[in-house]
Structures are given as C-alpha cells and as structure tokens.
Amino acid sequence: MRHTLSAIARMILCAAGFVMSIYGSVQLNALKSPGFRELLHESSFWVAAVGGLMTAIAFEAMRRAQVPAAPAPQPAEPVAPVAPVAPGTPVAPDEPTKDERDERPADQADKLSLVEVVGLAAGGVIGSGWLLAVPALHESLGEAALLGWAAGGVLMLTIAVVMVEFGLISQRTGGLLFHPHDAFGPLVVIILAASLWISYAINPAAQAAAAVNGLAEIVPALAGDGGLTGTGSTLAVLVTAAIIAFVLLPRRLVLRTNAALTLLKIAIPVVFVVCLALAVPAPLTGPGPAAGPTSTGVLSALITSGVIYAYIGFQAPLDVTGEVRGGRREVARRVRWAVYGTVVGSFLLYSALQLVYAEHMAGSGAEHGTSYARLTDAATLAGAPLDWLVVLVRIAAILAPIGSGIVFTYALSREVYALSAERYVPSGLHEPRASRLPGRTGDSFWLILLVNLVLALVVLVAVGGDWQALAVLNTIPILILYAVTCVVLAVRSDLLGTGAQRLLPLAAYAAFVAIALVVNESAWDRVWKGVAVIGWGSLVLLVLPWLHHLRVPGLGWYDAKNHGARLVSRDPANRPFVVLALYLVALTLLSAVRHRIDDDSVWSVWSLRALVMIVASGAFVLLVGAGRRYLRQTRLTTTRP
C-alpha cells in the first residue's frame, strides 16, 4: 500500500505540474512582447515555472523508482535432493504467495465473474447521463421524450448485437481495435485508436464535471449559470485525478468496488422511480403538456440532449473479453447477459425516470431543466413528504458519474496496453517497468494511466469544466468507432455461423446508416468538434512515428511503427483508410449543409436525409469491398473457432 500511495502521489504531482505549465504558457502567449521585469510580475510566468519544476521532479522520482536495487549477497543454501517422480504422477505446483494470488490475472479464479462483467457494462452506462439527459430531453421533446429513449435504445441494441456477436468470435482483449486491424489494416486502426483513446480518456473528466455539478446543489459556489466556477473546475481536476488513481489499486479491489457502486447506482434511481410513481403530484401549475416534436427533433435530441451519451459504455466487457472467466461458452454467456441486459435495463430505467419526471415537474412549479431534487418539493406519499429522496438523489449525482469514470479508465488502460504491444504507440507503455508499480507482481498500467490523466486534465481545463462540451467530444468519436465495427462484421461475414447469425450483416448496415443520420441531425458545432478531435488525434498518431523515424531530437522514446509511410506506397491498407477518411469529411460537410438550410419544410429535410442515407450506403459498400480486397491481398487466414 505504501508503494501504491507513493506512485499515486507522483502521478498527481506530474499531472498537476503539466497542467500548470500549459495554463501558464497559454496565458503568457496572450501578452505582447513583455519585458523581463514585467514577466517577473506576471503570475502566469510563475505558474508555468512552478508547473515545469513539479513535472521534472515527478518524472525524476518515477525514474528512480524503477531502478532495481542491487540484491544483497545471500549465503549459499544446501540443495535438498530431488526424489524421483514416477511417470504419470501429478506434480503439485509451487504454492503462490498471497500477493501473487491477488495480483496474478492468469488464473481462472482471478478472471472476471458474471457480477464483475455486469458491473463493467452497467457501471459504464449508469453514470451522469440519466442525471442530465432526462431534464434536457424533456426540455427538447416535451411529453414525446420517450421517443428519444426508444430511438436511442433501438440503435444501441442493434449496435450491441453486432459488436457482441462478432466480438465473441475471438474473445480477445483489445478486440474493438484489432478486429478492424484484421479487416482493414493498421491505417484504419489509427483513426479508431484516436477515437477510442480520446473518447475514453475524456470520459473521466466529463464524469468528474458531472459529479461536481451534483455537489453544487449542496455547495452552490461550485457552479454558476455559465458552468463550473474556478473552485468547481479545480475540484473537477482533483476528482478526475482521484478516479484515475483509484484504478492503480489492486485489480480485484477495483472490480469489486465497481460492482458495489454499480448496485448502488441502480438501486437509487429505482427507489426514486418507485416512490415518485406512487406519490401524489402537486396540482398542475405549468402551461400543460408540451407539443410533440417532429422526427427532426427526435433525431437531433439523441446527441444534443445526451441520450446517446447516456447509453454508451455497454461495450466495456468487449474491451476485456480475454479476462472473463470460463471457457468459450461461459464467456459468451456472461458477456451477452451483461451487455444485452444493460442496454435493455437502462432503456427501462431511463423511460421510467422520464415518465415520473414529466408527471411531477409541472406540479413542482420548476422550470425545464430542473434537477430531480426539486420534483419532491410538493409530492407526497401516503400523506408524508418525500424530502428524504433529495438525499438519495444527491448521493447518486456524485457517486454515479465517478463509478462510470472508473469503468472507462479501467477499460482504456487495457486497450492502450494492447496498442503498445502492437507498437501503434510507444512500446515503453507495454514494458513491465511501466505497467507495474514497485512491489506489485500484477499489471497496474501506471504510466498509461498517467498519460490518460494528463490528456483528461488538459481537455478539462480547455473546456472550463463544461459537461455538454465534454459529452460531445466523448460521443461523436465513440459513434464512429461503433460504425466501423459494424462494417468489420460485414467484411468478415465468412466467420459467422448459420441461422440467425447470417442476418447480422443486415443489422450492421442498418446501424451504420442510422449512426450517419443521427450525426447529421446533431448540432453543427458538436459534429465538427467531434470530427476535428478524431482528425487531430489521428494526425498525432501518424506524424509522431514519422518524426521519430527522421531522428528528430527529443522523440527518441516514441518508437511506434511508422504506419504513415504506407500512405506513399501501394500498400493494400491505403484504400480502406482513404474511404473512411473521405466518408468522415463527407459526413461533416452534410452536417454543415443541414446547419445552413433555412427552409425547414418536410421536402428539404427528407431530401437531405435521403442524401445522407445514399452517402452512408455507398461508404458502407466501399468499405466492405476495400476490406475484402485487403484480406485477399494480405492473404489473411483466420480459423473460425
């Protein structure tokens, strides 16, 4: 425990120093040619200087912690004679120590049980989405808000079926990225790795901002009309660091704690729904039911109001399929129960919350977008007030986002570890000294978590703790990852079995087109920001290895494979990459056209939707063809299990 706490302290010191350096540098750039004396009087200069010093000290401490101490000479011990063993006699393995039993994941007993797999799936979904999306969806769609949850639920269930059934073919940790690698080659994986890494790394920051927003109902100084205050943003930074540092604890403790948190996160909204469903609402004081929306409003609200954000996270078991306990059939059963049960259960829970929210909001006298706590002001159950529900809601508003952030952090560490093993990112993230804390025999991925922490904190500082902005940056990239995974299933349809599995390519096509429609109907500022984040992330993953290949000073440590060199050759991986990149550009341009259309007539709206469906269908066919051509040219052979 002492080593763990010491490593956490070093990580926090390094991340805080890095963020201070960036913040101070940004503030100094706004100054116009300051003199030396003026510079000394600027607080930003000292923030950047102290941040740089903190980062240097933390890195030096980490480096020294990895230097193994010289073993002390031990006196020679007599060797006991080894008795001969008769053929066929079982040999008992060496008895592991308690620490080894706790840390070693290779043994079946240390792999994920059904409860822990469900905890990852449900824990990833039940986070801040239900707290913030239900009020936002009511404000956007009124009493037709259930249409939003139904549309999002059908889309997510279709995607889940495609991803689960194909993901179970290999049952491999990191399969969300390495199935596309088999089908399209490394260049497409660059785009998907950027999407997954950014989306997963931002999630803890978004959940931390949501948790601080929940705490702001008790401490109003943490948030205002414009979002989190300076104090609230600072607290969000600390919560983000705490979420990521928690995953450094022993693996079994993290999983069991997450399972307990998930149970609590489900129990609180269920109790809230049951009590408000049985309660008597106050007399109607509002203007009455809101008018039902058009289909444009439903599709637009899926991302804008946070519906998709509330559903994502079910794929967490697919990130760690290789760690699930049991044989192939047992793993498949556990993953199916976890993922399908989570998607269906979350739809039922969100719909019930939406119903009681709509029923009691008008009676509470509150405006659109109010918190759940206000709904209990005038409602009574058996003549008794429901003020005590406020305590439960506030507990959930803090714990639920934190639990979801833990799930995404845990899953991302495994994905980045697999990426490092294949050298999509520096191999140093895969080495034992970077994945194990001193005194630990199991992988804790401390260096990966440190990198993720820095990325999350930089984004959190850049958006000023704005939950809506963080949710968008989290949603668009993950939808693109879902879409490409659907294409992968169609490319590798030869691996599917008979019967119902043969219908999966049709479901994959439907999900791919539906994702395109949802993205197109979203607000323009959300679409271009999400695609821009994917583009910048992909550019970084392509350019840094190229600079390392050119021996640019300071990048000797970035020894990832230079996949960018494939772009200037006749590599078979080029075509899928170009098709996907052009499709993302076309999707962004169509979203811009949707934003520019002044005519909201049914003809204009459906004409653009038809164009989006045509473009998405063409991209799907081209990607499937490019993937199958890649398989033929690379002579990839895969034995179907």
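The values are calculated or read from the model by the stated rules, or taken from the named source; none is laboratory data. Note that the coordinates shown come from a computational prediction; the quantities given were computed from them, not determined experimentally. Note: ideal-geometry Cβ built from the backbone for every residue, glycine included; neighbour counts use all protein chains shown. Areas reflect the complete protein model, heavy atoms only, side chains present, ligands, DNA and RNA absent. Shrake-Rupley method; radii C 1.70, N 1.55, O 1.52, S 1.80 Å.
Odds and ends about this structure:
- Residue in region 454-465 that is open to solvent by 10 Å² or more (accessible area, probe 1.4 Å), at positive phi and touching a helix residue (DSSP H, G or I) at 6+ places or on another chain (Cβ under 9 Å) present: yes
- Boolean, residue 515 is modelled with pLDDT of 85 or more, in contact with a Gly (Cβ under 7 Å, 6 or more places away or on another chain), open to solvent by less than 30 Å² (accessible area, probe 1.4 Å) and closer than 23 Å to residue 304 by Cβ: no
- Each residue in region 225-271 was checked for being out of contact with any helix residue (DSSP H, G or I) (no Cβ under 7 Å at 6 or more places or on another chain), closer than 25 Å to residue 392 by Cα and either outside any helix (DSSP H, G or I) or at pLDDT below 85 (or both), and 3 of them qualify.
- Conditions (1) touching a helix residue (DSSP H, G or I) at 6+ places or on another chain (Cβ under 6 Å); (2) at pLDDT below 85; (3) assigned to a loop (DSSP other than H, G, I, E, B): number failed by residue 444: (1)
- Residue match in region 567-578 (condition: more than 24 Å from the chain's Cα centre (by Cα), assigned to a helix (DSSP H, G or I) and closer than 17 Å to residue 483 by Cα): yes
- Per-region count, region 593-607, residues under 20 Å from residue 530 (Cβ atoms) and either in contact with a helix residue (DSSP H, G or I) (Cβ under 6 Å, 6 or more places away or on another chain) or modelled with pLDDT of 95 or more (or both): 2
- Residue check, residue 140 open to solvent by 10 Å² or more (accessible area, probe 1.4 Å) and part of a helix (DSSP H, G or I): yes
- The residue list 327, 313 contains one member that is open to solvent by less than 20 Å² (accessible area, probe 1.4 Å), under 30 Å from residue 179 (Cβ atoms) and modelled with pLDDT of 75 or more, which is 313.
- Members of region 273-305 found to be of a type in the set (A, V, I, L, M, F, W, C) and at pLDDT below 55, listed by number: 284, 290, 291
- Criterion applied to 568, 552, 487 was being open to solvent by less than 50 Å² (accessible area, probe 1.4 Å) and either at pLDDT below 90 or under 30 Å from residue 596 (Cβ atoms) (or both), and the one residue passing it is 487.
- No other residue among 539, 584, 544, 503 is open to solvent by 40 Å² or more (accessible area, probe 1.4 Å), in a helix (DSSP H, G or I) and within 17 Å of residue 196 (Cβ to Cβ) apart from 539.
- For region 112-134, residues that are touching a strand residue (DSSP E or B) at 6+ places or on another chain (Cβ under 8 Å) and either in a helix (DSSP H, G or I) or under 14 Å from residue 339 (Cα atoms) (or both) total 2.
- Single residue of 419, 429, 412 found to be modelled with pLDDT of 80 or more, closer than 30 Å to residue 564 by Cα, under 21 Å from the mean Cα position of the chain (by Cα) and surrounded by fewer than 22 Cβ atoms within 10 Å (Cβ to Cβ): 429
- Residue in region 129-141 that is touching a helix residue (DSSP H, G or I) at 6+ places or on another chain (Cβ under 8 Å) and at pLDDT 90 or above present: no
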